[in-house]
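Every number here is computed from the coordinates shown, using simple stated rules; none is lab data. No experiment lies behind these values; they were computed from the predicted model shown. All Cβ positions, glycine included, derive from the backbone under ideal geometry; neighbour counts span all protein chains shown.
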Amino acid sequence: MKKLLTLISVFAISSTSATSVISCVPQQAPINLDNTAGLSIDKRNAKDTSVDKETHHGVSNFYTLGDSLSDNGGLAAVAYDELGVKVKITGLYDNGFSNGLRVAELINKKLGFDKDEVDTFKSSNLIHDADLNLNNDKVWGRNYSIGGATAYESSDLTAKLLMGNTGIYKQAQALVKQQVIKDDDLFLIEIGGNDLFALAGARNNFNQQSSIMKNAIENISNCLYTLLNNGAKKILFIKPPDINLTPGYNNKNNDDFEQFSEADLSKIDKLCKEFDSNITKVINKVNEQFNDVVKTYNLYTELKNILAGFKETIGEGANVESNFAKSTAFDLAKLDLSNLEINATVAEKFKEAYEKDKTIIDKFFFIDKVHPTSSGHKYVSEIVWKLLISSGLIKE
């Protein structure tokens, strides 16, 4: 029971609002960056899962680190590895927090990895056993993303048990420990959405804001240095989105979510901007040392354009403001502890239309309060693919 409660505390994606009311968003605490991160990792058991780059758009491997936007079984894997708990993800959700393939999976497919004899784009983490058969050896999967993962590490004692193996820095450590890194390997990192939700919950508590912000940025730095200090030379970092444009925060879904005052939204916006600015500073510093190897896609500035483009592409009936489904992923404390199931069901107001035409979900960008539908992921994947080509990270 104690372990199950720990799991719930870790993966409750939405944060409770802080009770201490303090003026929001002065300059946060100084951030310390460690350019030696990752230099002492034991790599003796690392496995080579590389492929012929000539048949994979110029890349010898493809790894993903991140959160629920890239998770394809990561949450379920770490819950079982750490706690022996089997998490079921059901309803409209398909092996993760969308109703189909996510951006990372689509990029993996476009790179040609889906044609390989063995599918190694499976979940792994710091405590996962090598469980895939490749070239007469046991190897680890290439997707280190975990639903609910953050950059910052919670100070809550019960959360530390599992968060110690899910955060972005730990994901980088796991990857370096388990995989042989080569010059033409491609790394896709997307992290920070859950950190922004935590910051939004702490919008009236400066001390909590400062702690989250400082620790998150330091761990993003640690993640990048860990990869770069161990040979990574091709990295795309997807920065977190403007959460005020998502159904959970846009004040346009009154039936489902908390409504925010203009003052609250302003505080959240300022925190998002500061987080984005701090990530930029880290990447700029890293690139000074490693010759601009980290490319970025800024979801904070680009989400507005993405939603507008999606709406134009879909045409009549397109919806970029509402959540198509109601999800239990954001209130895990109410789930049955003996049968942990994360479920997404069609929102009541869309049930009639869905019963008449199941494809109506494809007109929605968001499946729940923050996650894209498969059609939303597909739209973004085309943008990311073009960016990978134009940035010289892959060959067309």
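Here are a few things to note about the model shown:
- Relative contact order for the chain, counting Cα pairs under 8 Å that sit 6 or more residues apart, in percent: 23
- Distance histogram in 5 Å bins (all Cα pairs of the stretch 240-396, percent per bin): 2, 8, 13, 16, 17, 15, 12, 9, 5, 2, 0, 0
- Length-normalised contact order of the stretch 116-238 in % [C-alpha pairs under 8 Å, at least 6 apart]: 28
- Based on the Stokes-Einstein relation at 37 °C and a viscosity of 0.692 mPa s, and on the Kirkwood radius from alpha carbon pairs, the stretch 33-96 is assigned a translational diffusion coefficient of 213 µm²/s.
- In order along the stretch 202-219, the Karplus-derived 3J(HN,Hα) couplings, from 6.51 cos²θ - 1.76 cosθ + 1.60 at θ = phi - 60°, round to 9, 4, 10, 10, 4, 4, 5, 3, 4, 5, 4, 4, 4, 5, 5, 5, 4, 6 Hz, and Gly and Pro are given as x.
- With all pairs of separate Cα atoms included, the stretch 261-312 yields a Kirkwood hydrodynamic radius of 13.0 Å.
- Sequence of Glu153, Glu355 once ranked by neighbouring C-beta atoms within 10 Å, starting from the fewest: Glu355, Glu153
- Calculation over all alpha carbon pairs of the chain in 20 angstrom steps from 0 returns a P(r) of 28, 61, 10 percent.
- Close amide H contacts of Glu341 (hydrogens built in the peptide plane, cut-off under 5 Å, sequence separation of 5 or more or a different chain): Lys88, Asp336.
- Counting every C-alpha pair in the stretch 91-193, the share spaced more than 17 angstrom apart comes to 59%.
- Choice from Asn291, Asn108, Asn244 showing the highest fluctuation, given a GNM over the chain with Cα pairs closer than 10 Å: Asn291
- With N as its number of residues, the stretch 167-239 has a Cα radius of gyration that, divided by 2.2 N^0.38 Å, comes to 1.26.
- Mean separation of Cα contacts under 8 Å (6+ apart) over length of the stretch 43-92, as relative contact order %: 17
- Of all DSSP-defined beta bridges confined to the stretch 203-362, some 40% are antiparallel rather than parallel.
- Ellipticity estimate at 222 nm from DSSP helix runs (n ≥ 4, -39,500 (n - 2.57)) divided over the chain, nearest 500: -12000 deg cm²/dmol
- Environment charge of Ala347, counting only residues whose C-beta is closer than 12 Å and scoring Lys/Arg +1, Asp/Glu -1: -1
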